[in-house]
Every structure is written in structure tokens, then in C-alpha cells.
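Input: a single structure, listed below in C-alpha cells.
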Amino acid sequence: MTKRLILIRHAKSSWDAPFDDHARTLHDRGRTATAAIGNWLRSNGYVPDAIYTSDAARTLETTNIIVDALGTAPAVTTVPKMYHGAPGALLNVLQRAEGATVMLVAHNPGIAFFAEDIVAQAPKHSRFLDYPTCATLVCDFPINNWADAVPRSAQVVNFIVPKDLDA
């Protein structure tokens, strides 16, 4: 059996609330990019059963736009420890996840380090290591239960950034 992870960094955010990082919402450019990524996910059949997201405003907004674009209603769970969560915290959330296909929506730098850590081999994409806003990794784990997810075991299925969809 295989489990699929979709790993998304929140979209481009606004700096309208610079003194309250947690409350920052998306920039218009971020909203557009998120809708494009959501449509790309839907058109490729990358649809999660469950979504786990940080409780920051920009990750919640990213999640809501993705869900709207998917046209489905996956279970969405807000996980406060994902707000600027380190790779170990993200792995812990994944190992407790439910569903065959799970999406995590989180922040840099933790999400970039987590993405790099979980894949057996990084994709040949110039933006993978810096994991820009709304970067999306789709990868498969050869496991039956998320509790068995370990670093360096996921196989990359796809990786995309919003600029890839501009063409």
C-alpha cells in the first residue's frame, strides 16, 4: 500500500500587519497563486482526504482557497504547533495523520527542511531547496500507516511552484 503526502507552503502574504506575524493574511498575488495551485492539484487528481494546517491566518486562507479549487470537502484540522514548526513537529503531525492522501500546509523554514528531509531523492527543480511561497510537493510513501513514515523514504511524484504555471 502507498500513502500520499501533499506538502504546501502558504502563499505570498501581505505585510499589512507587520507586528502580528500570526495574523498576516494573503496578498492578492498569493490568492491568485493559491487558486492556480488548487486547480493544478484537482486537474492532476492530487486530492487530499485530510488537510492539516498551521493556525496562522495565511495558512488558513491558503487552505480555504485550495479546498474551494478542489471542489471537495476534505477534513481540515488546525494544528497550532505547525506555526513555524520544525521538521520534527511536521513529521509528528504526519505520523498521526489519517487518510490515504494527506496535505500539510505550513511555513518556511520548517517546511523546506522537512521536504528535503523526507524525500529519498530531491526533484531536479531549481526552487526545491528554498521552497518559495505556495511551493507544492507531491510524494508517495511505501507504507500502510502514517506512523511508519520516516525521513528519506518518500518518492517524489511532482513538485511545482506558482511561476511554473505562468507559462
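Here are a few things to note about the model shown:
- Applying both filters, DSSP loop and at most 12 other Cβ atoms within 10 Å, to the chymotrypsin sites (Phe, Trp or Tyr not before Pro) of the range 4-91 gives 15, 19.
- Residue-count net charge about residue 151 - beta-carbon cut-off 14 Å; Lys, Arg +1, Asp, Glu -1: -2
- The chain - percent relative contact order, Cα under 8 Å, separation 6 or more: 31
- Cα-derived Rg to Rh of the range 1-60, Kirkwood definition: 1.05
- Put a dot 7 Å past the Cα of residue 78, heading toward its Cβ, do the same for residue 23, and the two dots end up 1.5 nm apart.
- Each of residue 120 and residue 95 was given a label point 7 Å from its Cα along the Cα-to-Cβ line. The distance between the two points is 2.1 nm.
- Taking the DSSP bridge list for the range 39-157 and keeping only pairs wholly inside it, about 20 percent are antiparallel.
- Computed on protein heavy atoms with a 1.4 Å probe, the accessible areas place 43, 13 in the order 43, 13, largest first.
- Sequence-distant contacts, meaning Cα pairs under 8 Å at least 6 residues apart, place the relative contact order of the range 108-167 at 40 percent.
- Under the criterion of Cα pairs below 8 Å and six or more residues apart, the relative contact order for the range 54-133 equals 30 percent.
- Estimated 222 nm signal from helices in the chain, with DSSP H stretches of n ≥ 4 weighted -39500 (n - 2.57), rounded to 500: -9000 deg cm²/dmol
- Kirkwood-based Rg to Rh ratio, the range 51-96, C-alpha trace: 0.99
- Taking amide H positions as modeled 1.01 Å from N, with prolines and chain starts lacking one, the residues under 5 Å from residue 51 and 5 or more places away or on another chain are 75, 76, 77, 103.
- Evaluated over the chain, the Cα radius of gyration and Dmax, each in Å: 14.4, 46
- Listed peptides 123-134, 101-112 by packing density, highest first (mean Cβ within 10 Å): 101-112, 123-134
The values are calculated or read from the model by the stated rules, or taken from the named source; none is laboratory data. All values reported here derive from a predicted model rather than from experimental measurement. With ideal geometry, Cβ positions are generated from the backbone for all residues, glycine too; neighbour counts draw on all protein chains shown. Ligands, DNA and RNA are stripped out before the accessible areas are found, and what is left, the full protein with its side chains, is counted by its heavy atoms. Shrake-Rupley method; radii C 1.70, N 1.55, O 1.52, S 1.80 Å.
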